[in-house]
1. Test of understanding: what is the full-extension gain from Arg68 to Arg82, defined as 0.36 nm times their sequence separation minus their Cα-Cα distance?
2. With θ set to phi - 60° and the Karplus curve 6.51 cos²θ - 1.76 cosθ + 1.60, what are the ³J(HN,Hα) couplings of segment 74-83 in order, to the nearest whole Hz, using x for Gly and Pro?
3. Calculate one ³J(HN,Hα) per residue across segment 56-73 by plugging θ = phi - 60° into the Karplus curve 6.51 cos²θ - 1.76 cosθ + 1.60, and present them in order as whole Hz with x for glycine and proline.
4. For a protection proxy built on the mean count of beta-carbon atoms within 10 angstrom, sort 22-35, 51-64 highest first, please.
Amino acid sequence: MINLSLKKHSLLFFNPFEEENNNNEQIEKLKKCIPDIIDHELTERQRQIIILYYYEQKNMTEIAMYLRVNPSTVSRSLATSRKNIYRILKYYF
């Protein structure tokens, strides 16, 4: 019974700075994990597309011309890469 009443009033002890610290810690962890995932878990083509799109700020048409593939191929590869990264990140968090 005591535990239930403490849970009920736990908002009274809420510290927004703790939440911010937890978010900052998670962001730092993400910053460390994502490059490792890109380097070790994606195919070479997926890696190229992620780097060109996110790090070099190229659009899908530019990437398609650079890699000599159809823009829809770039789009599909980018979507698959994101899914793979997300799937792997679920294990980290």
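Values in this text are rule-based calculations from the coordinates and carry no lab data. Predicted model, so just to flag it, every value in this text is computed and none were measured. Please note: Cβ atoms are built from the backbone with ideal geometry, for glycine as well, and neighbour counts cover all protein chains shown.
1. Details: separation 14, 0.36 × 14 = 5.04 nm, distance 2.13 nm.
Additional length available on full extension: 2.9 nm.
2. Going residue by residue, I get 4, 4, 5, 5, 5, 5, 5, 4, 4, 4 Hz, with x marking Gly and Pro.
3. Values per residue, Gly and Pro as x: 9, 6, 8, 8, 5, 5, 5, 5, 4, 5, 4, 8, 6, 10, 6, x, 5, 5 Hz.
4. Details: 22-35: 11.4, 51-64: 14.6.
In decreasing order of mean packing, 22-35, 51-64 become 51-64, 22-35.
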